[in-house]
1. Out of region 409-423, which residues are of a type in the set (A, V, I, L, M, F, W, C) and open to solvent by 10 Å² or more (accessible area, probe 1.4 Å)?
2. Suppose the filter is under 26 Å from Ser780 (Cβ atoms) and either in a loop (DSSP other than H, G, I, E, B) or open to solvent by 30 Å² or more (accessible area, probe 1.4 Å) (or both); does Leu477 pass it?
3. Quick one: in region 695-739, of everything that is within 17 Å of Leu670 (Cα to Cα) and in contact with a Pro (Cβ under 6 Å, 6 or more places away or on another chain), which residue is most open to solvent (accessible area, probe 1.4 Å)?
4. Considering only residues of region 105-122 that are buried (at least 21 other Cβ atoms within 10 Å of the Cβ) and either among the charged types (D, E, K, R) or farther than 18 Å from Leu271 by Cβ (or both), which is modelled with the lowest pLDDT?
5. Could you tell me which residue of region 514-541 is nearest to Gly694 (Cα to Cα), considering only residues that are touching a strand residue (DSSP E or B) at 6+ places or on another chain (Cβ under 7 Å) and outside any helix (DSSP H, G or I)?
6. Cβ-Cβ under 8 Å, sequence separation 6+ or interchain: first residue in region 250-274 and closer than 19 Å to Gln367 by Cα, partner open to solvent by 10 Å² or more (accessible area, probe 1.4 Å) and small (Gly, Ala, Ser). Which pairs?
7. Restricted to region 595-620, and to residues that are hydrophobic (A, V, I, L, M, F, W, C) and more than 31 Å from the chain's Cα centre (by Cα), which residue is nearest to Pro797 (Cα to Cα)?
Amino acid sequence: MEHPSQYKSSCDLDSNHTQSLPMENDSTSKKKWGFRGNPELSTASEITVRGVLTMLMTNLDQSDPRPVIPLGHGDPSAFSCFRTTEIAEDAIADAVRCAKFNGYSHNIGILPARRAVADYLSQDLPNKLSPDDVFLTVGCGQAIQTIITVLANSKANILLPRPGFPHYESIAQSCHLEVRHFDLLPDKDWEVDLDAVEALADENTAAIVIINPGNPCGNVFTHQHLQKIAETAKKLGILVIADEVYDHIAFGKNPFVPMGVFGSITPVVTLGSISKRWIVPGWRLGWLVINDPNGILKEHGILECISGFLGISCDPPTFIQGALPDILGKTKDDFFVKIISIIKETAETCYERVKDIPGIICPSKPQGSMFVMVKLDLSVFEDIKDDLDFCGKLVKEESVLILPGVSVGLKNWLRITFAIEPSYLEDGLKRLKAFCREMEMNGSAMKKKWAFRGNPELNTASEITIRGVLAMLKTYLDQSDSRPVIPLGQGDPSAFSCFRTSHIAEDAIADALHSAKFTGYSPSVGILPARRAVAEYLSQDLPNKISPDDVFLTVGCTQAIQSIITVLADSKANILLPKPGYPYYEAFAQSCHLEVRHFDLLPEKDWEVDLDAVEALADENTAAIIIINPEILVGMFSHTNIYKRWSHMFIILLFVIRLVAETARKLGILVLADEVYGHIAFGKNPFVPMGVFGSITPVITLGSISKRWIVPGWRLGWLVINDPNGILKKHGIIECITQYLNISSHPPTFIQGAVPDILGKTKDDFFVKIINTIKEGANSCYERIKDIPGVICPSEPEGSMFVMVKLDLSILEDIKDDLDFCVKLAKEESVIILPGISVGLKNWLRLTFAIEPSSLKEGIKRLEAFCKRHSKKT
């Protein structure tokens with residue numbers, strides 16, 4: 001690895017030119033930058049539970065030696081009495097070590113996991129669910145994001161409970177979906193005020209959200225009341241979104257009844273996860289399930305839109321999906337009985353203790369979930385303005401954290417969690433009582449017209465993804481062809497034994513899992529040890545050392561893309577994308593109404609950026625340019641792990657990349673550097689991270705462990721700030737990134753816990769072996785393509801896992817274009833290749849060479865036979 005100082009010296013190639021560019025801290029510099037953060041995210045993030053609790057934590061008295069008592073958050077996993085079952089831990093470890101689940105999953109989830117969820121939920125339903133009714137998500141958070149985005153049609157509105165879970169309102173606000181609140185009635189065990197629901201709804205109302213068992217109220221709805229809700233929804237022509245993340249956590253007089261029981265009355269979309277019942281909220285495995293035997297949602301395009309959104313979104317780690325059948329199917333009842341018994345005991349303790357606390361009134365005994373809502377009687381307190389003031393002073397004086405009711409829609413109430421270790425609960429309530437006493441004043445059907453429809457933006461956005469195109473091509477396969485399908489279209493070699501990940505990585509996951517330290521929620525930006533590890537890993541190649549505060553962990557690189565595109569999606573803004581490029585950028589930009597402008601990569605110049613076109617395209621509303629390096633499509637701008645010498649080509653390459661940075665600075669835009677294939681290189685050009693030039697223009701680096709460690713299904717990525725001049729912070733970008741992640745899903749905490757060992761302990765011989773295998777495949781691909789008629793490869797691949805080749809249609813018969821070529825190739829030869837049109841270059845093809853060598857040889861042999869068969873006869 002080159003020493004960072006060598007990168008510094010490379011920046012002095014033209015000292016006169018460098019001096020002509022004033023640095024940001026130059027007093028004469030008044031540069032105007034073209035980007036700013038999306039203001040929608042600020043207020044959306046402020047109303048999350050995490051956002052409020054984080055704000056309250058700033059009031060802690062650091063001199064108080066007592067432990068902080070967390071009565072505000074529904075995550076009991078930190079306490080040993082709430083440890084998850086070993087069956088679940090072993091299922092995850094087995095799925096990791098079997099090496100069957102390192103690759104990408106289907107965007108809606110792998111079939112065995114979806115079947116397991118369908119079987120699990122069907123036990124409580126009159127109609128048996130099909131795996132096709134199940135969509136797997138990154139926790140219930142992404143399930144909420146998915147259905148809200150799908151329903152966010154123009155003029156639509158949605159009915160939310162008050163009090164309720166604020167994440168719904170945050171996501172709706174970010175999607176410009178109007179929210180209308182109906183009350184839950186504390187004097188009727190928090191039942192829904194159905195008269196208010198009917199008064200609120202109109203022809204644009206799409207859905208009503210029902211949370212059962214109740215968060216934040218601790219109630220459990222009766223069968224009779226749920227049926228009335230379903231009948232009201234049918235009358236209004238709206239669907240029911242049933243949030244059942246606390247399913248089966250019921251311990252009172254009312255048993256848990258899933259809303260899906262009434263799916264024949266009105267369409268029901270059920271949201272759930274393993275987070276609460278298995279006490280693993282940090283594992284981030286949830287689901288969105290359709291209960292609609294009448295097919296109304298399918299008829300109105302909702303199912304298609306759900307698939308469309310998930311097609312441009314991140315998916316849960318594949319190995320956690322692989323463990324799901326054993327988690328759901330093999331967990332013993334005694335585990336659930338033990339957990340419910342502890343929660344019931346603490347609920348009763350909480351209810352009884354609260355009775356004796358002055359100024360706090362509990363209207364009903366909790367029967368489910370992990371919470372209870374209590375009302376403040378401010379008339380008995382001195383110097384307490386409202387619930388937020390109460391909670392701020394409580395945390396400062398007693399180190400007890402409680403959620404103010406205003407954050408869940410009910411001012412001057414409190415949400416208390418009782419799902420913590422019993423002795424902590426007793427201590428917390430004792431401190432709460434002391435605080436209140438101190439503050440106490442002295443002396444004192446089918447043909448029906450339904451009002452919802454899917455968001456049309458998602459259909460076209462999803463169609464242009466690589467997964468969408470490859471899935472379409474697979475429908476043309478000849479099922480009678482006995483030969484194996486050769487996958488030359490997707491960058492996921494994990495299915496092949498020669499590309500198995502390092503045992504160190506697998507062991508790191510298993511160790512983090514079995515440590516039981518990482519089952520809870522993580523901070524929205526990621527846990528500190530993992531962020532520090534990423535910072536140290538990337539800093540090896542940079543002149544400036546990255547801080548953990550510069551690192552944001554994401555669910556794969558996909559969520560990193562989502563995050564920064566959403567942040568930049570300000571009104572009138574536009575971004576510059578390469579052509580050819582990775583279509584996910586365009587798909588997600590389209591869903592965010594962010595204008596896209598394309599610049600060319602030049603095949604005759606080793607796919608360099610056409611900087612003249614970049615300057616012509618940019619205007620005062622241009623926010624960023626995307627640079628993918630090593631290039632995901634064409635295999636250029638490569639990297640070598642250990643530089644033997646400074647070659648002439650290396651200096652030229654540095655100059656070329658520096659020109660990109662200088663052009664961005666000239667235009668006042670930031671650079672989004674997609675380096676997910678960083679360190680996968682084997683040619684003449686060493687990989688240079690764009691962050692090297694962060695002192696010239698702000699750089700945001702997107703990356704992951706997916707490609708270098710051959711684990712795209714593990715879904716651990718990052719978004720990293722390379723901006724020593726602090727321009728992004730000054731313009732609100734960093735704050736907006738944090739705010740977006742506050743209302744989004746985070747990667748499983750135990751995978752984050754494994755990151756330090758994965759990044760720090762993997763041996764070089766693993767990387768050398770992988771690079772050698774990929775290089776062998778690249779060379780084989782390039783040499784064999786030379787002999788195929790009608791296919792031209794302009795340059796030898798040097799990095800990533802792909803090569804772009806051009807079709808010469810003039811010598812091919814009955815081939816209209818690249819899409820037609822790929823469809824016929826799939827049908828006739830069972831070979832899947834990605835048409836260039838899907839990455840922005842018509843009549844080109846993208847081939848992957850990162851597959852098992854014999855499969856690559858066989859695939860290219862079939863490609864040659866196909867081209868010869870379709871060549872014009874001379």
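The values are calculated or read from the model by the stated rules, or taken from the named source; none is laboratory data. Since we're looking at a predicted model, the values are computed, not measured. Cβ atoms come from the backbone with ideal geometry, glycine included; neighbour counts cover every protein chain shown. Remember, those area values only see protein heavy atoms, side chains included, never the ligands or the DNA or RNA. Shrake-Rupley method; radii C 1.70, N 1.55, O 1.52, S 1.80 Å.
1. Here is the first cut: in region 409-423, the residues of a type in the set (A, V, I, L, M, F, W, C) are 410, 413-414, 416, 418-420.
Answer for region 409-423, where residues must be of a type in the set (A, V, I, L, M, F, W, C) and open to solvent by 10 Å² or more (accessible area, probe 1.4 Å): Leu410, Trp413.
2. Details: under 26 Å from Ser780 (Cβ atoms): yes; either in a loop (DSSP other than H, G, I, E, B) or open to solvent by 30 Å² or more (accessible area, probe 1.4 Å) (or both): yes.
The answer is yes for Leu477.
3. Filtering region 695-739 for residues that are within 17 Å of Leu670 (Cα to Cα) and in contact with a Pro (Cβ under 6 Å, 6 or more places away or on another chain), the one most open to solvent (accessible area, probe 1.4 Å) comes out as Ser695.
4. The qualifying residue modelled with the lowest pLDDT is Ser105.
5. Of region 514-541, the ones touching a strand residue (DSSP E or B) at 6+ places or on another chain (Cβ under 7 Å) are 525-526, 530-531, 534-535, 538.
Now drop any that are not outside any helix (DSSP H, G or I), which leaves 525-526.
Details: Val525: 21, Gly526: 23 Å.
Applying the filter and picking the extreme gives Val525.
6. Pairs that qualify, where the first residue is closer than 19 Å to Gln367 by Cα and the partner is open to solvent by 10 Å² or more (accessible area, probe 1.4 Å) and small (Gly, Ala, Ser), are Phe256/Ala250.
7. Top of the filtered list is Leu602.
Conditions tested, residue by residue: (1) open to solvent by 50 Å² or more (accessible area, probe 1.4 Å); (2) at pLDDT 95 or above; (3) among the acidic types (Asp, Glu).
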{"position": "Asp377", "(1), (2), (3)": "yes, no, yes"}
{"position": "Leu394", "(1), (2), (3)": "no, yes, no"}
{"position": "Val400", "(1), (2), (3)": "no, yes, no"}
{"position": "Met439", "(1), (2), (3)": "no, no, no"}
{"position": "Ala445", "(1), (2), (3)": "no, no, no"}
